[in-house]
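What follows is a short report on a single structure.
Readers should treat all values here as calculations from the given coordinates under stated rules, not as data from a laboratory. Worth saying up front: this structure is predicted, and the values here are computed from it rather than measured. Ideal geometry is used to build each Cβ from the backbone, glycine not excepted, and the neighbour counts take in all protein chains shown.
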Amino acid sequence: MTAQHWTDLLVLGAGPAGASAALAAAEHGMDVVLLDEAADAGGQVFRAPPKSFVVANGKRIDPDFHIGASLRDRLAASRVRKVFERRVWFVAPGFKVSTFGPEGLEFWTAKSVVVASGTYERVVPMPGWTLPGVIGLGAATILLKSQQALPGETTVVAGCGPLVAAVAVGILKAGGKVGAVIDAASPGDWARALPSMAVRPDLLLRGLGWVGRIRLAGVPLLFRHAVVEVRGGDSVTEIMARPVDNQWRPRWDVPARAFQCDALAIGHGLVPAVELTRLLGAEHEFAAERGGWVPKVDEDCRTSEPCLYAAGDCTGISGAAPALLQGRLAGLTAALDDDRMAPEAFAQETSALRRKLQRARTFGAASARLMTPSPGLLDTVTPDTVVCRCEDVTRREIEAAFEAGAADLNQVKAWTRCGMGPCQGRMCGDTAAALAALRLGGREAVGPWTARTPIRPVPMETLIGEYDYEDIPKPAPARR
Amino acid sequence: MYDALVIGGGIMGCTTALHLARGGMRVAVIERRGLCMEASGVNAGTLSLQIKRKELMPYALKGWELWKTASDWLGDGVGFHQLGGLTLAFTDDEAELLENKMRERAEAGAPIEFVHRDRAREIEPGLSNHPVLASFCPLDGYAQSNEIGRAYRAALIGAGVQVFERSTVSSIEKIGANFAVTFGGNTKQARRLTLAGGAWLGRLGALLGVELPVEYRVNQVSVTERIRPILRTIIGVVSDPLSTKEGPALGTSLVGTLTLKQSSNGTVLIGGGWQGIGDLDRGGYQIRPEYLIGNLRQAHYAIPALADARVARTWCGVEGHVPDFMPLAGPIPGVENAFVVGCCRGGFTIGPYLGRILAQRILGQEPEMPLFDPGRFAPAPLVDSVGAGRP
């Protein structure tokens, strides 16, 4: 029999935003269920090490290690019901949620929901990017922090945003070799971000330390360059890099530089994961500088749907520090709206929180801007480059759909199968939309893909469970 | 000024427009979204004669033939595959129902034969040992419904039809003998008008001042990831789509039946009309997980190897219907030169043929087969003549 659970507040995602929201709401007497895919709370940045690992030197490898550990300690001491290793595959207004995991299929009903679903990686494709050995910067971070593994013997680290240097330094610290660091931004772009980043001198210094460390290790550091091709037979053996112009368009007139490597860690920022808020009917808006489509939220984290809140990077890329604060705000708002808190207490408790959030966001916004690829980078997606790797759809096929008259993203999907695979467009959606926007005049005009259930592919065996023929509802057959 | 405007760019509207243009008319299609983006393009693409009602079998055979020859008249094969299909009965009661239903449908012209379990498992090695009886039709197959919008768009434009997509019609007025249709900031006039808005036909009829008793169902469809070949036929289960003696008629039942097939790309499509939740005006559909599970159990009961697959996606399509679940195809009573086509159970298979015979009527020819009088529900026009006396 499939398990059914009830709760006051369901928090979807146990990263910094979700965990903080759960703690805040539980402090004020709400019954809270905190759900996550991972084995423990922490999300990507504050990810817990696998239970089979003993981390003797967590702090050395990951300076944020203690923040995650303390979050997990507070959760352990709280009344929050922590339900991990659960994948959410179904959500519906009202609120009904279904998960699968070690207990099989489970259904959850809640009065309120906080969505803290975080982000996924954006990789602007280039020829060869589907070869084994190519991983995202976020994936490289997980390998380093959680698995304490290196992506390869020699890794080229490329893309844009603070994760490029962070991953390169992570590899060096772990004893790995970095073949080159290739950043699409110029030193000037970084310099422009400095004043905003100065609100967090600790992080700014950490970033500057990264650059020093890369230089010290003698790693070639190429600013305003992009990887334009990944080469290799069965896996990566070499990448080609070219300078880019101020729109990040590769300079095809300048000779390419080759770097030998057996791994490429590449990423071009993060995209908010909004399938849950979409399926729950919240209104969304497009905000390029915050990563893409985001749910509209008020200053207290309320979405357009009653009792549905959103916090953290799924409301716009801002980083882990603001997510901790915004999550707490969402949890308090849920408690307020559920009459667990007096408005005066809410105002008092949130005023300092809002000030801190404001400061944290200044840094986060500067960092997010550095992660936003300029449109010229799409030139690395040559006609024969695969855009949708689940369904093997190339840019040429997508462009052919536009030529044939496709005028929104759902039409491109129907005609090319781009985005129809098991990742449901999480990998290709942003690129396909950016290509469409070039033709059709802007991301708003192109629209987003319709979010579909299941949010993650679900094993058929899990859904059908044990059953007898009589357990299948049927229309009563007529007897003649 | 057009000779004909078609409102609704699904299979029936597009086919009507295509034949009108080929018959020499100046035609435009006005579509709320993109061509074939609702039921026409999101249904499971099943072309099965075994799930067609006997009254519609001659039309279904014609429609099937049209999909088979789509590259000739549509300019694109749209992935037509003829796999043969099995309809299964798992209990003795179901076997009796299967015999009754399929005998009727065979008499109506579908080449259906009965096969026992062992023969069925020769035809379909992936079959479980649960069926007690099966019927087989060698014509059953499928087409790639998601590709047809592209095919129709190219064909319409090639035939000189003007296509207005992302264009929601806000009013229909009669100006003299002409219809004036307004959408967005545009107004187009034509001597003839065809409403082909599928589930939205009731709303379109209201704009014209006529009552079309159209309701709708929200059909769930699921697809697995690509997997190794596990079945090679179209699988269905017996049900009585218009059961009246006992239990709810499927027309109102939330519980569907089964259509199951593996596409050439390795994905397995599972449908059958299990009901999700949808709202025509707000848009957006929700699946009902309990019915998804029921539908999947049905599929798995027939093809056990499905247990290894993962469900990649589910979605819904809205299918319009009228009280007798028969199509609408013909002149709208009381409004000269206005026509309607739609609301056909099994519309993916039959739709292109309904569009063709309606176009014959509009072009002043004798339709190859009888049309389906939209006036049979005797809806008096809301007003004496269109546009007159309305606010």
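Descriptive notes on the structure:
- Virtual spin-label span in nm between residue B:279 and residue A:5, 7 Å along Cα→Cβ: 2.9
- Take each residue of peptide B:91-97, count the partner chain Cβ atoms within 10 Å of its Cβ, and average: the result is 2.
- A full extension of the chain between residue A:206 and residue A:149 corresponds to an added length of 18.3 nm, given 0.36 nm per residue minus the alpha carbon distance.
- Peptide ranges A:166-179, B:39-52, A:33-46 listed from the most packed, as the mean C-beta count within 10 angstrom indicates: B:39-52, A:33-46, A:166-179
- Each Lys and Arg contributes +1 and each Asp and Glu -1, all at the Cβ; summed about the Cα centre of the stretch A:101-213, the dipole is approximately 320 debye.
- The stretch A:376-405 and the stretch B:328-356: distance between their alpha carbon centers, rounded to Å: 38
- Packing order of peptides B:126-132, A:446-452, highest average first: A:446-452, B:126-132 (average count of other Cβ atoms within 10 Å over each peptide's residues).
- Lone cysteines, chain A (no partner Cβ under 4.7 Å): A:160, A:261, A:301, A:307, A:314, A:390, A:423
- Taking 14 Å as the cut-off, the amide N atoms of the stretch B:158-174 that come nearer than this to a point 7 Å along the Cα-to-beta-carbon line of residue B:189 belong to B:173-174.
- Within-12-Å neighbourhood charge of residue A:135 [Cβ basis; K, R +1; D, E -1]: -2
- Two-site FRET efficiency, residue A:439 against residue B:82, from Cβ-Cβ distance with R₀ of 45 Å, rounded to 0.05: 0.75
- Shielding by other protein chains, A:404-415, mean Cβ within 10 Å: 6
- Sum of side-chain charges, residue A:426 neighbourhood, beta-carbon under 14 Å (Lys, Arg +1; Asp, Glu -1): +3
- Computed from the C-beta positions of residue A:77 and residue A:198 and an R0 of 41 Å, the FRET efficiency is 0.70 to the nearest 0.05.
- Centroid-to-centroid, using Cα positions, the stretch B:258-309 and the stretch B:136-169 are 23 Å apart.
- Modelled spin labels at residue A:342 and residue B:168, positioned 7 Å past Cα toward Cβ, are 4.6 nm from each other.
- Mean Cα-pair separation over length for the stretch A:118-240, i.e. relative contact order, pairs under 8 Å, 6 or more apart, %: 30
- Most fluctuating residue given options B:270, B:362, B:123, as computed from a GNM of chain B linking Cα atoms under 10 Å: B:123
- Here chain B is treated with +1 on each Lys and Arg Cβ and -1 on each Asp and Glu Cβ, and its dipole about the Cα centre works out to around 980 debye.
- Sum of side-chain charges, residue A:29 neighbourhood, beta-carbon under 12 Å (Lys, Arg +1; Asp, Glu -1): -3
- Within a Gaussian network of chain B (alpha carbon springs, distance under 10 Å), most fluctuating of B:356, B:105, B:310: B:310
- From its DSSP helices (H runs of at least four residues, each -39,500 (n - 2.57)), chain B gives a residue-normalised ellipticity at 222 nm of -8000 deg cm²/dmol.
- Note on B:283-293: average number of Cβ atoms from other chains within 10 Å of each residue's Cβ is 6.
- For chain B, with +1 on Lys and Arg beta carbons and -1 on Asp and Glu, the positive-most of B:332, B:144, B:275 along the dipole: B:144
- Only one residue of A:387, A:239, A:467 has its Cα farthest out toward the positive end of the dipole of chain A, where Lys and Arg carry +1 and Asp and Glu -1 on Cβ, and that residue is A:239.
- The Cα center of the stretch A:406-439 and the Cα center of the stretch A:326-342 differ in position by 37 Å.
- Between B:59, B:17, B:4, the Cα set farthest toward the positive side of the dipole of the stretch B:1-144 (charges on each charged residue's Cβ, about the Cα centre) is that of B:4.
- Candidates B:278, B:197, B:184, ranked by Gaussian network fluctuation over chain B, Cα under 10 Å, top entry: B:184
- Taken about its Cα centre, the stretch A:320-440 carries a charge dipole of roughly 540 debye when the Cβ of each Lys and Arg holds +1 and the Cβ of each Asp and Glu holds -1.
- 18 Å cut-off, amide nitrogen to a point 7 angstrom out along residue B:206 Cα→Cβ, residues in the stretch B:25-45: B:32
- Rel. contact order, % - alpha carbon contacts under 8 angstrom, at least six apart, the stretch A:281-387: 23
- Sorting A:99-105, A:15-21, B:13-19 by their mean Cβ neighbour count within 10 Å, with the most densely packed peptide first, gives A:15-21, B:13-19, A:99-105.
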